[in-house]
Amino acid sequence: MSTEPTITDPEEIEGLDGDEDASWGDYPIDTLLIRQENRTVHDVLRRIEKGSFVMDPDFQRDFIWQDDKQSKLIESVLMRLPLPVFYLAEDEQGRMIVVDGLQRLSTFQRFVNNELRLKLPDQKELNTKRFQELSPKLQNRIEDCNLILYVIDAKVPERARLDIFERVNSGVPLTRQQMRNSLYTGPATRFLKDEATSSLFLKTTGNSLKSSTMRDREFVNRFCSFQLLPLSAYRGDMDEFLAFGLNKMNTLHENELKKLSAQFRTSLVNNYNVFGIHAFRKHSNVHNSRSVINASLWDVMSTGLSRFPEHLVEARTDALQQAFFSLMHDDNFIRSITYATNDVRRVNERFQFADVMFEEVFNA
């Protein structure tokens, strides 16, 4: 294979539908099922302690308020100033995912657990104080503070949930995959993280997928969804389909996830051994300049080459390369991985093209 060129600028990705992050469209307001709940700080912290509130989506760990800002929040509560509302998303297990308000709830948790010393130089009676050093009256004022929670029901359609999440979150703007990472936290999201940070994944993708936006995990998510679910389960909404995949993964036994990991890594090895630096990228010759990674090509090639053992793929490298190059000259296939790629017909087309190619090469 040719020498690896300069790394492609991360986020130069082809084969993703342009309307992927668009508004949900036609969901009637009455069906969105958002309810209001009033709970005290004490009650919410108790639920956090029990694990019924999900408080640590890993994409937000680097965006923690400084102590002076946290202190201002505690001061506001002690002054009985009204707080903005909190938004939560309920998952199918009844847990509450914090959509908007993570920093405020983390502040209450830190302060009540005596991990925060107030930095309020203009408030001499409060400055440098921990929760346990406050008078019982002020401690009660913190714990009895009423919080207004808006809860997004688990039955809300996936795209609508993500759009609500996007609209109400007042912190750092989040990508769809970051939202999914919070909403479906569990074995599935740990799997995505482990696979996306492996040296094999980084080598095979040319380190071209941003980890800061979780685009790398999104690609692993795509593989898992198309690998685990029948193609008929895809109904034109990629957000929904990727969520289906995460839900499925969260129900799998540990041994089933290990099998999925082995299939994924077999695919990465096979794709790299055959295509090298051009893996998952449009090219019709091994000497072509490396193009950007193509998400739709990733879908068919990652799942397709997960089915064949490495020794068989290695033995048929030349035949597979030539069959692939033929697809690169087929206008219908190129359209299926380039334009309106989330359309059901285009998804089915590209998988059909790829299946025919694999049957011809491997007689499978």
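Just so it is clear, none of the values below were taken in a lab; they were calculated from the coordinates. All figures in this text were calculated on a predicted structure; none of them were measured in a lab. Note that each Cβ is placed from the backbone with ideal geometry, even for glycine, and that neighbours are counted across all protein chains shown.
Data overview
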{"quantity": "Dipole of the chain [Lys/Arg +1, Asp/Glu -1 at C-beta], most positive-end residue of L200, V151, M214", "calculated": "V151"}
{"quantity": "Debye, to nearest 20: dipole size of segment 199-287, +1 on Lys, Arg Cβ, -1 on Asp, Glu Cβ", "calculated": "300"}
{"quantity": "Simple spin-label estimate for L83 and S135 in nanometres, 7 Å along Cα-Cβ", "calculated": "2.2"}
{"quantity": "Against the rule of thumb 2.2 N^0.38 Å, how large the Cα Rg of segment 238-364 comes out", "calculated": "1.08"}
{"quantity": "q = 0.07 Å⁻¹: log10 I(q)/I(0) that the Debye formula gives for the chain, counting C-alpha atoms only", "calculated": "-0.39"}
{"quantity": "Structure-based [θ]222 nm, the chain - -39500 (n - 2.57) summed over DSSP H runs of at least 4, per residue, nearest 500", "calculated": "-14500 deg cm²/dmol"}
{"quantity": "Filtered trypsin sites (Lys or Arg not before Pro), segment 130-190: DSSP coil and at most 12 other beta carbons within 10 Å", "calculated": "K155"}
{"quantity": "Charged-residue dipole, Cβ positions (Lys, Arg, Asp, Glu), segment 234-326 about Cα centre, Debye nearest 20", "calculated": "160"}
{"quantity": "Long-range HN-HN contacts of V156 with modeled amide H, under 5 Å", "calculated": "none"}
{"quantity": "Rounded to whole Hz, the Karplus (6.51, -1.76, 1.60) HN-Hα couplings of segment 314-323, x for glycine and proline", "calculated": "4, 5, 10, 4, 4, 5, 5, 4, 5, 5"}
{"quantity": "Longest to shortest principal axis, alpha-carbon extents of segment 29-168, angstrom", "calculated": "50, 29, 26"}
{"quantity": "Approximate spin-label separation R335-R35, in nm, with each point projected 7 Å along Cα-to-Cβ", "calculated": "4.9"}
{"quantity": "Label-point separation in nm, D318 to N285, each point 7 Å along Cα→Cβ", "calculated": "1.9"}
